[in-house]
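Worksheet for the structure shown next.
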Amino acid sequence: MSGGMRGVVFDGKAVQVVDDLEIRDPGPGEVMVAIGAAGLCHSDLSVIDGTIPFPSPVVLGHEGAGVVEAVGAGVTHVGPGDHVSLSTIANCGACAQCGRGRPTMCRKAIGMPGQPFSRRGGEPLYQFASNSTFAERTIVKAVQAVKIPNDIPLTSAALIGCGVVTGVGAALNRAKVGLGDTVVVIGTGGIGLNVIQGARIAGASAIVAVDSNPAKEAVARQFGATHFLPSAADADAVRAILPTGADHAFECVGKTALIRQAIDLLDRHGQAVLLGVPAATAEASFLVSSMYLDKSILGCRYGSSRPQRDIALYAELYREGRLLLDELVTETYPVEDFAKAADDAHHGRVARGVLTF
């Protein structure tokens, strides 16, 4: 039992940085990781503002990397001292979905959250997204700990397990963007930038980034955008770049009007991939007749990724200079400055803020 740890706790009403967290020892099939860095993702803020209902009190954070401290019985693929990037997919490894290579579809991958944490002498705390990276140590299932080379900065490696696998994976795994395909990406936040670089890695011929904030153009082009537009609603502007429409259109904002725009931009046999998350009850509409030319609308969970394969691959692409990670990290904050990091993220001042321990 490790005690006296710092961490970010949400009690259902307010967030505070505490220094009296305790965590149990890893059990069979579990890995204890000393977190080096953790990305602040909008999903963490969504728990705080109630958009994502989650039991409390809970230790936040779900995007991180660190060093293995201890492993439970039966864990052989990582050991103490290994550097790991963490996945949020706590899949069982034994069901039909896992067996067909779809860990993100495992029905146990999002289940009843465990309570490996407690406050000194107090009640147990829930784990967020089977992960809780906003703590000095966390416990994950073996499938969630992916070994990465020790020479990758943990601040950059921290981002692979959420934003990068979600965006790059959406392009490579779900859409299967092909060499020479045309792509539109609506929204160039953390997810959108990773869709852009996934499309670039796949060899797309045109990658049109769309964002209402003109200040985003430089970074969108840095990640691989060939064009930048302030709005996808300007059909003439899109048609000037893609006369017949796009092979793939990704909606990375979570607004139903933009989902409609993504669908309307498609070429024959094109596909719209939905990554932004509107309210749980939101409905979107489209012209049914517009779909008959072999078009499709695809949902996508966590980049349809296979984390042990994909996170390791993205780490290698980073080492080769083909996948950008350092450029995603706008600012690093000591965990004590969580409030400032959350405020910066909420107001869009950072692409990704990273907390360090």
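The values are calculated or read from the model by the stated rules, or taken from the named source; none is laboratory data. Just so you know, these numbers come straight off a predicted model, no measurement behind them. Every residue, glycine as well, gets a Cβ built from its backbone with ideal geometry; the counts of neighbours run over all protein chains shown. Areas reflect the complete protein model, heavy atoms only, side chains present, ligands, DNA and RNA absent. Shrake-Rupley method; radii C 1.70, N 1.55, O 1.52, S 1.80 Å.
Overview of values
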| read-out | value |
| --- | --- |
| Relative packing of peptides 101-109, 71-79, 308-316, 129-137 - highest average C-beta neighbours within 10 Å first | 129-137, 308-316, 101-109, 71-79 |
| Most mobile of F286, F338, F117 in a GNM of the chain (Cα contacts under 10 Å) | F286 |
| Rg/Rg_ref, the range 62-104, where Rg_ref = 2.2 N^0.38 Å and atoms are Cα | 1.36 |
| Rounded to the nearest 20 debye, dipole of the range 250-357 from Cβ charges on Lys, Arg, Asp, Glu | 380 debye |
| Whole-Å distance, taken between Cα centres, linking the range 250-300 and the range 118-154 | 35 Å |
| Charge-dipole axis of the chain as Lys and Arg at +1 and Asp and Glu at -1 on Cβ define it, positive-most pick from L172, A233, G50 | L172 |
| Inter-label distance for A96 and D234, nm, one decimal - labels placed 7 Å from Cα along Cα-to-Cβ | 4.9 nm |
| Efficiency of FRET from Cβ geometry, H77 and A282, R₀ 45 Å, rounded to 0.05 | 0.65 |
| Highest average packing first - 165-173, 210-218, Cβ atoms within 10 Å | 165-173, 210-218 |
| Å³ per residue enclosed by the Cα convex hull of the range 106-201 | 150 Å³ |
| Accessible-area composition of the chain, carbon plus sulfur, in percent [1.4 Å probe] | 52 percent |
| Cβ charges +1 (Lys, Arg) and -1 (Asp, Glu), total dipole of the chain, debye | 980 debye |
| Candidates G27, G161, G50, ranked by Gaussian network fluctuation over the chain, Cα under 10 Å, top entry | G50 |
| Positive minus negative residues near A37 (Lys, Arg vs Asp, Glu; Cβ under 14 Å) | -2 |
| [x] 28, 25, 20; [y] 31, 24, 18; [z] 35, 21, 19, with the label sought being that of the calculated semi-axes √(5λ) of the Cα gyration tensor in Å | [z] |
| Computed Kirkwood radius, in angstrom, where 1/r is averaged over Cα pairs of the range 36-135 | 15.0 Å |
| Hypothetical label at V67: residues of the range 98-137 whose amide nitrogen lies under 20 Å (7 Å Cα-Cβ projection) | 133-137 |
| Residues T51 and T332, FRET efficiency given R0 of 30 Å [Cβ-Cβ distance, rounded to 0.05] | 0.70 |
| Dipole magnitude of the range 1-148 about its Cα centre (Cβ charges: Lys, Arg +1; Asp, Glu -1), debye to nearest 20 | 560 debye |
| Choice from V59, V67, V277 showing the highest fluctuation, given a GNM over the chain with Cα pairs closer than 10 Å | V277 |
| For F117, distant residues with modelled amide H under 5 Å away | L125 |
| Volume per residue of the C-alpha convex hull in the range 1-81, rounded to whole Å³ | 107 Å³ |
